[in-house]
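The values are calculated or read from the model by the stated rules, or taken from the named source; none is laboratory data. Note that the coordinates shown come from a computational prediction; the quantities given were computed from them, not determined experimentally. Methodologically, a virtual Cβ is constructed for each residue, glycine included, from the backbone with ideal geometry; neighbour enumeration extends over all protein chains shown.
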Amino acid sequence: MKRKSLLLTLFYYLVIAGFSTAQSQENTLKLPPTLPDAPKRYAGMVEFGFLYGKTGSTDLSSSVASPTVQLFSGYRFHRMFVLGGTLGMDFYDNVLITPIALGLRGELFDSRVSPTYGLDLGYSATFLSDEDEQQNHDGGWMFSPSAGISVQTGNSTAFTFGVGYKAQKARTETTWWGGGRAEQKINYKRLSLRMGFMF
């Protein structure tokens, strides 16, 4: 519990630092945010939501909603092309996964309300997951495309709403007393629904 509280505090400070950087650059540049020839500048986004999917592949499978939080930090080359990195936390029932990825973001139209896209490709780590002496968790590759809309609020900030798909791999190894061992390879496939703030 202490570890999760520390992580949420870290996310809070990263968001505040990124927002301050964006504000200082905005005041310095004094350029409209959507000019194609505008210089490179910082772009950040924090998103919260849920990952929806089924556990198991039998008739007894149940649907679950796992909380997720994600922070994007990058450079805006153009309104349609923002390149950066993502760091997140996906709270599955049996493991806490930390996706670390290269990310693309973009807004299609130069308007107050615009369709958006996103694409993340990277690795899902498990170093923040609580482990006991009997269990060991390992991460794997992660892939997540998304689409949505952004609603501009002024000063180069916007609210975002998106839907996407997330596929990520993990492995759980359980060791019992007496030398018994079982390995479970997990391939999470989830529908993602997120709400965020872009700055």
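Regarding Ala147, is this residue aliphatic (A, V, I, L, M) and exposed (fewer than 15 other Cβ atoms within 10 Å of the Cβ)? When the stated conditions are applied, Ala147 passes them.
Put simply, of Ala125, Ala101 the only residue that is modelled with pLDDT of 90 or more, within 20 Å of Phe50 (Cβ to Cβ) and of a type outside the set (Ser, Thr, Tyr) is Ala101.
Please go through segment 159-182 and pick out each residue that is hydrophobic (A, V, I, L, M, F, W, C), under 24 Å from Thr86 (Cβ atoms) and in contact (Cβ under 8 Å) with a residue 40 or more places away in the chain. Of everything in segment 159-182, just one residue is hydrophobic (A, V, I, L, M, F, W, C), under 24 Å from Thr86 (Cβ atoms) and in contact (Cβ under 8 Å) with a residue 40 or more places away in the chain, namely Ala170. Taking residues in segment 147-158 that are closer than 19 Å to Leu191 by Cα and at pLDDT 90 or above, and partners anywhere that are assigned to a strand (DSSP E or B) and among the basic types (Lys, Arg), not one pair has Cβ atoms closer than 7 Å while being at least 6 places apart or on different chains. Just one of the numbered conditions (1) surrounded by 13 or more Cβ atoms within 10 Å (Cβ to Cβ); (2) without any contact (Cβ under 8 Å) to a residue 24 or more places away in the chain; (3) closer than 22 Å to Ile100 by Cβ is not true of Lys185: (1).
Take the conditions free of Cβ contacts under 8 Å to residues at least 12 places away in the same chain, surrounded by 13 or more Cβ atoms within 10 Å (Cβ to Cβ) and outside any loop (DSSP other than H, G, I, E, B) and apply them to Thr98. Does it pass? Spelling it out, it is not the case that Thr98 is free of Cβ contacts under 8 Å to residues at least 12 places away in the same chain, surrounded by 13 or more Cβ atoms within 10 Å (Cβ to Cβ) and outside any loop (DSSP other than H, G, I, E, B).
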